[in-house]
Amino acid sequence: MSPELKKLGPRWVVFGILGLVVTVSLLFKRSTEFPGTPVVKGVYDAVEELPEGSPILISSDFDPGSEAELVPMMKAILAHCWRRHLRVIVMSLQSPNAMPLAQGIVEEAARDNGAKEDEDYALMNYKPGNLAAVLAIGQDWASQFPESYKHRKLADIPAMKGITRLGDFKYVLCITATTSVDSWLLGGVTKYGIKLGLGCTAVMATDYYPLLDTKQITGLLGGLAGAAQYESLVKLPGKATDGMPTQSLIHVTIILFIVAGNILHFAGKRRKPEAA
Amino acid sequence: MNLSVLTMLAQEGATPPPSVWQGHTAAVIGLWLAVGFTLAIYTFLYKDNPIFKFAEHVFVGASNGYLLWQAWHQTVKPNLVMPLWHALRAAVHHPAGPPQPNETLWLIVPAVLCLFLFLRFIPKAAWLSRWSFAFYVGASAGNMIPLQVVAYIFKPMDFHLRYGIVAHDADGHFAWLGSFNLLATLVGVIAVLIYFVFSIEHKGPVKAVARTGVIFLMIGFGASFGYTVMARQSLLIGKVQNLIDNARSEATEDAKSNAPPDNPPPNPHHATLWLLVAIIAAVVALEMAKKGREGGEVPQGAAPPQTG
Amino acid sequence: MLHLKRTVPLAIAFLSGILLLIQYFVPHPWSAKFLQYTSDWQVTLAYAALLLGVGSLVQSHVTKARRKAPGWGFSAVALAAFGITVAMGMWWSVHTAWQSRTDASIVTTGSGEGSPLSWVYNSLLFPMGGAMFSILGFFIASAAFRAFRVKSPEATLLLLSAIVVMLGQVPLGAHLPGIPQLSAWLLSVPTTAAKRAIGFGVALGSIATALRVIFGIERAYLGGE
């Protein structure tokens, strides 16, 4: 590292600038609408095409570690589903910590959209085993979910009417921060022929672009940007839309960091031979 | 614990009435703990320190304790213990109720396999856990092979063979850009695959193709980096927003509207600011104490960070 | 004894693997039933494995605390947090079970709504889980500043691609001519091609590993002697 970089570029400066940019831009935030791209619209259109009353499965495969990215996404999707009068069933393949988070999101969204528990939505449990869990519910839903998250028998839940296996769902949406999407792809799409949509953290997004042109997924929502685009499509600006101006500013800051780092590096390198 | 309580632990019902843990005091304490532990974790930005380590270990301990109960109530009890118990009772002609499809004596197999798995804690019988692992690993392998072949190999090959390099627009006319994209994708896939074939020497035409593969890889990795930046910063935005909300004296309008009508959110009373001062003071005090222990010697620079 | 310790597990892996592999090609109700049972067992075993992990973690912290190894105090903190959480769950289970004797509408649960574990989740696990990951935001910025160098044509390409995608993924980029389109193209063509080829490799690798497991060549899951 160049001496300039050593002097000016300790991580403290980077951390300080970044912290300041985030804090200040959040204090003076202004929402900016972010129009949906075709990739995001693929999920929106799939939900839009479902007949009223269709069951839709949401696999809420994330825990609080990815909450900031995926909660706004899930809320926008839930609002869209209920606006279309779909029956939403929520489960998780991620971790035991995922379902309490999903419960909070669903109940808050249900209050906002006037959806009723057990009629418009039902919460199931977390299932470990990834592919095995998908294969098991593909054969018999009740073998894995004999009761709901709140310990109610399936027969007592109107939202579960007519659902005996995974194939009974008209659409499955995997909102994930893990590789659970691979299990849905292998077990759900490949084995049982379900229609799959994907909402994932931005870190994972590029890995799943190859599934788009092969139509293995109908669309992809990547991170906060994907969530903001979905909010824009359903015309329900929320936390993702609110976060976009700050996100823009941070991206510019990081680009400037990269440029500054390179300038200091090459300036230091040029000076070294002169000094020698 | 007596047997009647154990039996009751397995009974079903509905949600209990509001408890003290949903009350105002619990919410206030919870809010201050949440802010305090968040800031404690942020002290890692300075360096790995006892305050961060304390928060980290509380997180590890509490999340595992939580996981234990979630595991019992969400799967082990409804999927294994109760159905097996009912199946056994039915087998000895003392059914607990009408038979359910999941109440089968076949559940003895996973019960035994689970038991074997836990024998790993008993050194003399630990080898039996291999049977459980062998079943799990073998079954996963058997399930995965045909599905992987179809999903990750046949399906993309089918796409490229079906569409080739000629694309048409909605009206059925030849689409230049679409065709170029199809060609570029096909070239990219082949070039990257050739780059990863190390059993042939990369020289001559192979070198040129491999170099093309590198170009595609670099663009792909760059895009991944761009997305990764977005992911990490989104999480940071969410957390900083939360800290800002808790630096206010009153709960935000957003929090008030999102809370259930009968359970309003507590006011933070500048929790972030107070706790920030307290945690900075604690870090400084710990550093001074450490320096004191080291005989007043000035350390040669801060300890290197463990990540980043 | 060696047969029980080595041959039997290898036979179990072979039989379960080969039978499930064949099962994929047999569309018979018995075959479907076999898949259902084995998948159910795998899910149950996965939960047991999760609990095994919790047990191992507790065991390692107990050992560290007992031996007073460096940092043992933090192990004691982890054990205390674990013990308190488990006790809270136990208390709530007993409490709700007791209440349900007189009120059938009450659920017997360890971590349901209104439970102390629910409070622990909201006050500790939820905020700390998010905070742990969010600090990476600072480190990735630091890495961008200190390590992202234009040292070669390939590195330049990587950098340009990153910058275009970063700008294309935020509303600001929409105001820069060509950036959204270029970003979308980079993702849908070169990135897709690269990731698809990597996917091929990963799939071939995991299929080879799966075959090695079934035929007993890969034995790492058996552990040591």
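The values are calculated or read from the model by the stated rules, or taken from the named source; none is laboratory data. Keep in mind that this is a model prediction, so the values were computed, not measured. Here Cβ is always computed from backbone atoms with ideal geometry, including for glycine, and neighbour counts include all displayed protein chains. Heavy atoms of the whole protein, side chains included, go into the accessibility calculation; ligands, DNA and RNA do not. Shrake-Rupley method; radii C 1.70, N 1.55, O 1.52, S 1.80 Å.
Structure summary
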{"quantity": "Filter result for A:G167 (over 20 Å from B:Y152 (Cα atoms), within 13 Å of another protein chain (Cβ to nearest Cβ) and open to solvent by 40 Å² or more (accessible area, probe 1.4 Å))", "calculated": "yes"}
{"quantity": "Helices (runs of 4 or more DSSP H) lying entirely in segment C:65-178 (those with 1 or more residues that are surrounded by 22 or more Cβ atoms within 10 Å (Cβ to Cβ) and out of contact with any Pro (no Cβ under 9 Å at 6 or more places or on another chain))", "calculated": "C:72-100, C:116-120, C:126-134, C:136-147, C:153-168"}
{"quantity": "Considering residues of segment B:185-228 that are hydroxyl-bearing (S, T, Y) and assigned to a helix (DSSP H, G or I) only, the residue most open to solvent (accessible area, probe 1.4 Å)", "calculated": "B:Y195"}
{"quantity": "Filter result for the condition that a residue is open to solvent by 20 Å² or more (accessible area, probe 1.4 Å), closer than 30 Å to A:K191 by Cα and part of a helix (DSSP H, G or I), over B:L177, B:L182", "calculated": "B:L182"}
{"quantity": "Selection count where residues are within 14 Å of C:W185 (Cα to Cα) and within 34 Å of the chain's Cα centre (by Cα), scope segment B:167-193", "calculated": "2"}
{"quantity": "Subset of segment A:147-159 that is buried (at least 19 other Cβ atoms within 10 Å of the Cβ) and touching a helix residue (DSSP H, G or I) at 6+ places or on another chain (Cβ under 9 Å) - its residue that is farthest from the other protein chains (Cβ to nearest Cβ)", "calculated": "A:S148"}
{"quantity": "Checklist (1) closer than 26 Å to C:P9 by Cβ; (2) touching a residue at least 12 places away in the same chain (Cβ under 8 Å); (3) more than 25 Å from the chain's Cα centre (by Cα) applied to B:N102, failing item", "calculated": "(1)"}
{"quantity": "Segment B:279-308 - residue that is surrounded by 13 or more Cβ atoms within 10 Å (Cβ to Cβ) and at pLDDT 80 or above and, of those, farthest from the other protein chains (Cβ to nearest Cβ)", "calculated": "B:K291"}
{"quantity": "Single condition C:G216 does not satisfy, out of (1) in contact with a helix residue (DSSP H, G or I) (Cβ under 6 Å, 6 or more places away or on another chain); (2) more than 9 Å from every other protein chain (Cβ to nearest Cβ); (3) part of a helix (DSSP H, G or I); (4) open to solvent by less than 40 Å² (accessible area, probe 1.4 Å)", "calculated": "(3)"}
{"quantity": "Matching residues, segment B:62-75, being at the interface with chain C (Cβ under 7 Å from one of its Cβ atoms) and closer than 19 Å to C:W91 by Cβ", "calculated": "B:A62, B:S63, B:N64, B:G65, B:Y66, B:L67, B:L68, B:W69, B:Q70, B:A71, B:W72, B:H73"}
{"quantity": "Test: residue in segment B:81-97 that is in a loop (DSSP other than H, G, I, E, B) and either crowded, with 22+ Cβ neighbours inside 10 Å or facing chain C (nearest Cβ under 8 Å) (or both)", "calculated": "no"}
{"quantity": "Number of the exception - B:P101 against (1) farther than 30 Å from C:R212 by Cβ; (2) at the interface with another protein chain (Cβ under 10 Å from one of its Cβ atoms); (3) at pLDDT 90 or above", "calculated": "(3)"}
{"quantity": "Residue, most open to solvent (accessible area, probe 1.4 Å), within segment A:112-136, restricted to residues that are under 12 Å from A:S59 (Cα atoms) and polar (S, T, N, Q)", "calculated": "A:N130"}
{"quantity": "Residue under evaluation A:A98, criteria (1) more than 21 Å from the chain's Cα centre (by Cα); (2) in the same structural domain as A:M160 (by TED's automatic domain parsing); (3) within 24 Å of A:G238 (Cα to Cα), criterion not met", "calculated": "(1)"}
{"quantity": "Yes/no for B:H269 being in contact with a Ser or Thr (Cβ under 8 Å, 6 or more places away or on another chain) and not in a helix (DSSP H, G or I)", "calculated": "yes"}
{"quantity": "Among (1) more than 7 Å from chain B (Cβ to nearest Cβ); (2) out of contact with any Phe, Trp or Tyr (no Cβ under 7 Å at 6 or more places or on another chain), the one test that A:L186 misses", "calculated": "(1)"}
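One line per residue, one yes/no per condition, for (1) within 7 Å of another protein chain (Cβ to nearest Cβ); (2) among the basic types (K, R); (3) over 25 Å from A:G19 (Cβ atoms):
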| position | (1), (2), (3) |
| --- | --- |
| C:V120 | yes, no, yes |
| C:M128 | yes, no, no |
| C:A143 | yes, no, no |
| C:E154 | yes, no, yes |
| C:A162 | yes, no, no |
| C:G178 | no, no, yes |
